[in-house]
1. Restricting attention to the stretch 15-33, does a residue exist that is aliphatic (A, V, I, L, M), in contact (Cβ under 8 Å) with a residue 24 or more places away in the chain, out of contact with any strand residue (DSSP E or B) (no Cβ under 6 Å at 6 or more places or on another chain) and surrounded by fewer than 21 Cβ atoms within 10 Å (Cβ to Cβ)?
2. Enumerate the pairs (first residue in the stretch 345-367 and not assigned by TED's automatic domain parsing to the domain that holds F276 and part of a helix (DSSP H, G or I); second residue anywhere and among the polar types (S, T, N, Q) and buried (at least 17 other Cβ atoms within 10 Å of the Cβ)) with beta-carbon separation below 8 Å, excluding pairs fewer than 6 apart on the same chain, so at least 6 apart or on different chains.
3. Please return the ranges of strands (runs of 3 or more DSSP E) entirely within the stretch 60-111 where 3 or more residues are closer than 27 Å to Q22 by Cβ.
4. Look through K38, K101, K108 and report the one residue that is exposed (fewer than 15 other Cβ atoms within 10 Å of the Cβ), in the same structural domain as T290 (by TED's automatic domain parsing) and at pLDDT 95 or above.
5. So for the stretch 219-238 (the condition being out of contact with any strand residue (DSSP E or B) (no Cβ under 8 Å at 6 or more places or on another chain), touching a residue at least 24 places away in the same chain (Cβ under 8 Å) and closer than 25 Å to A66 by Cα), does at least one residue qualify?
6. Only one of V93, V119, V157 is touching a helix residue (DSSP H, G or I) at 6+ places or on another chain (Cβ under 6 Å) and farther than 30 Å from D329 by Cβ. Can you tell me which?
7. Tally time: how many residues in the stretch 79-106 are under 13 Å from P14 (Cα atoms) and free of Cβ contacts under 8 Å to residues at least 24 places away in the same chain?
8. Which of the residues belonging to the stretch 53-78 are touching a residue at least 60 places away in the same chain (Cβ under 8 Å) and under 30 Å from D331 (Cα atoms)?
Amino acid sequence: MNGRYDVVVIGAGPIGSYTAYQLADKGFKVCLIDEKEKIGQGVLCAGVISKEAFKRYDLPSGSIVARIDTVSFFSPFGQRLEYEPQDIFAYVVDRDVFDHKLYLQAKKFGVDIFLKHRVTDISGASYFYSIKCREKTFSTKAVILATGIDYKLHEKVGLGDPPNFLYGSQVELPIPSSRSRIEIHIGKDFAPASFGWVIPYREKSSKIGVILSQSGKRWIKKFIEQRLGDSSKFDARDIRIKPIAYGTVKKSTNGCILAVGEAAGQVKTTTGGGIFYGLLCSEIAVDKLTRTLRDGYSLNDYEVTWRSALLPELDIGRNLRSIASKLGDQDIENLFSFVKQNKFWVELLVPRISFDYHSNFIFFCMKSFGHLLGLRDRK
């Protein structure tokens with residue numbers, strides 16, 4: 001054995017690095033393993049994180065490239081609704097910088113880090129596990145899988161895969177946009193049952209993307225051509241596609257092994273965002289694992305706690321996507337027109353808007369606009 005640890009964290013993305021340094025701060029001997037040579041390179045993500053997440057988790061402000069105070073929604077036929085909170089709503093981050101700074105934070109807190117190490121096997125029983133890489137073998141009391149969408153180790157340790165995946169397609173284009181506004185575009189031609197986005201990024205450039213239940217570059221091509229009219233600057237070879245967990249793994253714990261973040265399917269079923277939910281569940285994991293290692297409590301409490309916190313949000317997100325798949329563009333257009341013509345609805349909707357928790361807003365919309373959209377007739 002080349003190393004003995006209290007906890008080995010596999011995966012040095014933002015959730016793995018955050019979890020590792022939080023455990024190290026509590027006095028545990030922690031090891032962080034990742035197969036990459038450099039953390040924070042080539043991450044595919046829209047990179048929008050709520051203001052509340054930055055406050056709650058003391059996230060690296062040096063990664064922020066834009067501050068969002070307006071969200072503009074565009075209907076299939078071009079109507080526009082705007083949400084303008086009184087303060088900053090969210091931040092756009094450079095994920096390369098964001099991930100790297102959290103990794104450096106883990107290093108600062110004394111976490112032993114091994115890059116270019118791919119874990120090939122996990123064996124053992126509760127309170128004693130062998131983590132095998134080609135270069136080293138590690139011994140540990142507990143294991144945390146923070147491997148994102150890589151589920152190869154899950155089968156080895158008795159955890160499951162997510163039931164389904166969404167697919168995010170994104171490209172950065174030299175299209176200037178407001179530095180403080182996100183655009184959300186709805187239309188079946190380019191985003192059936194979903195949406196596309198335009199997000200300010202680097203100076204004079206934007207992130208353009210769509211998220212769908214099916215993979216393929218044709219959707220984002222249609223979005224760019226129909227909504228941005230800038231196909232002359234567009235090279236399909238620059239498009240990148242990433243699968244996103246849609247639903248939770250069957251089990252997120254087994255003995256003293258647990259999964260956190262997208263490795264557990266802790267991802268918003270509405271937008272595909274995983275940073276906030278991953279950090280929230282990391283916080284829960286650190287608390288439960290601390291009790292397990294110090295006082296012998298079962299890690300099953302981790303499963304119960306995070307599912308209780310997130311399942312209502314995940315369920316209503318799936319319901320929303322199911323409903324959206326049955327609606328036509330004219331249905332959405334009618335809803336936009338109704339809200340624009342009845343301004344008092346805006347006053348009722350705005351207090352229910354939350355960047356990280358969507359169930360209250362979605363439930364209110366379903367209840368209030370179900371008849372307008374003909375939802376009862378579509379069941």
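1. No, every residue in the stretch 15-33 fails to be aliphatic (A, V, I, L, M), in contact (Cβ under 8 Å) with a residue 24 or more places away in the chain, out of contact with any strand residue (DSSP E or B) (no Cβ under 6 Å at 6 or more places or on another chain) and surrounded by fewer than 21 Cβ atoms within 10 Å (Cβ to Cβ).
2. I362/T270
3. Here the list reads 64-68, 90-93.
4. After applying the criteria, what remains is K108.
5. There is no residue in the stretch 219-238 that is out of contact with any strand residue (DSSP E or B) (no Cβ under 8 Å at 6 or more places or on another chain), touching a residue at least 24 places away in the same chain (Cβ under 8 Å) and closer than 25 Å to A66 by Cα.
6. When all the criteria are applied, what remains is V93.
7. The total comes to 1.
8. Result: I68, D69, T70, V71, S72, F73, F74, S75, P76, F77.
The values are calculated or read from the model by the stated rules, or taken from the named source; none is laboratory data. None of the values given here were measured: they were computed from a predicted structure. When we count neighbours, we look across all protein chains shown, and the Cβ atoms used for this are built from the backbone with ideal geometry, even at glycine.
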